[in-house]
Amino acid sequence: MTRTQRLRPVVQHTDKKEQRALQEVAQSQAVLDGEQTRLTQLQDYKLEYLQKKKYDIGVFTPIELQEFNRFMQQLDQTIERQLELVALRQQELEHKRQLWTATRIDSKKMHKVVEKLQQQEFVEQERKEQKTLDEFTQRNSRRR
């Protein structure tokens, strides 16, 4: 068994590890996209609600105005929490990307090692074949 054949399971392991890391990046990106969509929806809802209530401002009773202000504060708090969540998901995504980059580098290194070994094995095989051919030629020339 050649060295490259012995290294094949290690290469497969690093490739699988890289693929898992890439899948985690994709999943993390999907979660971030969902959180950003939710944030946009909340912000749009707030704007729409404010636009709608802008025309009703003169007909508010004091209690309705108090309720409106309370609702807007709650909505602002929800938006603030969503902003924090988006920031957290962005950090998680960046961390997963860094992990993927590291596994990708390891995988590339492993492939380079195997490639060099294959080249060395090829050169060694060529030398052996040339030596065998030379010996054969030398034997034939002695017989004549």
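Could you please tell me which pairs satisfy a Cβ distance under 6 Å, a separation of 6+ or placement on different chains, a first residue in segment 1-27 that is more than 30 Å from residue 124 (Cβ to Cβ) and among the aliphatic types (A, V, I, L, M), and a second residue that is modelled with pLDDT of 90 or more and surrounded by 13 or more Cβ atoms within 10 Å (Cβ to Cβ)?
Close Cβ pairs (under 6 Å, with a partner that is modelled with pLDDT of 90 or more and surrounded by 13 or more Cβ atoms within 10 Å (Cβ to Cβ)) amount to 21/99; 21/100; 21/103; 22/100; 25/96; 25/97; 25/100.
Which of (1) farther than 30 Å from residue 109 by Cβ; (2) exposed (fewer than 14 other Cβ atoms within 10 Å of the Cβ) is the odd one out, the single condition residue 26 does not satisfy?
All conditions pass for residue 26, except number (1).
Is segment 65-79 home to any residue that is surrounded by 12 or more Cβ atoms within 10 Å (Cβ to Cβ), in contact with a Lys or Arg (Cβ under 6 Å, 6 or more places away or on another chain) and over 30 Å from residue 5 (Cβ atoms)?
yes
Do the conditions hold for residue 103, that is, is it closer than 20 Å to residue 22 by Cα, in a helix (DSSP H, G or I) and polar (S, T, N, Q)?
Judged against the criteria, residue 103 is a match.
If you go through segment 1-19, how many residues are in a helix (DSSP H, G or I) and either surrounded by 12 or more Cβ atoms within 10 Å (Cβ to Cβ) or on the phi > 0 side of the Ramachandran plot (or both)?
13
Within segment 48-64, identify whether any single residue is in contact with a Leu (Cβ under 9 Å, 6 or more places away or on another chain), assigned to a helix (DSSP H, G or I) and surrounded by 14 or more Cβ atoms within 10 Å (Cβ to Cβ), and answer yes or no.
Checking segment 48-64: at least one residue is in contact with a Leu (Cβ under 9 Å, 6 or more places away or on another chain), assigned to a helix (DSSP H, G or I) and surrounded by 14 or more Cβ atoms within 10 Å (Cβ to Cβ).
Identify all residues within segment 19-53 that are closer than 14 Å to residue 87 by Cα and among the charged types (D, E, K, R); write none if there are none.
Scanning segment 19-53 gives 33, 35, 38.
Can you tell me which of 96, 17 is closer than 30 Å to residue 118 by Cα and modelled with pLDDT of 95 or more?
17
Under 7 Å between Cβ atoms, at least 6 apart or on separate chains: pull out the pairs that start in segment 35-51 with a residue that is within 17 Å of residue 73 (Cα to Cα) and end on any residue that is not hydrophobic (A, V, I, L, M, F, W, C).
39/82; 42/78; 42/82
Restricting attention to segment 27-71, which residues are of a type in the set (Lys, Arg) and modelled with pLDDT of 90 or more?
Scanning segment 27-71 gives 38, 46, 70.
So, of the residues in segment 20-36 that are under 9 Å from the mean Cα position of the chain (by Cα) and of a type in the set (D, E, K, R), which turns out to be farthest from residue 116 (Cα to Cα)?
24
List the residue pairs whose Cβ atoms are under 9 Å apart, where the first residue sits in segment 117-136 and is assigned to a helix (DSSP H, G or I), the second is among the β-branched types (Val, Ile, Thr), and the two are 6 or more positions apart or on different chains.
117/2; 117/4; 118/2; 118/4; 121/2; 121/4
The values are calculated or read from the model by the stated rules, or taken from the named source; none is laboratory data. None of the values given here were measured: they were computed from a predicted structure. Positions of Cβ are generated from backbone atoms using ideal geometry, with glycine treated the same way; all protein chains shown enter the neighbour counts.
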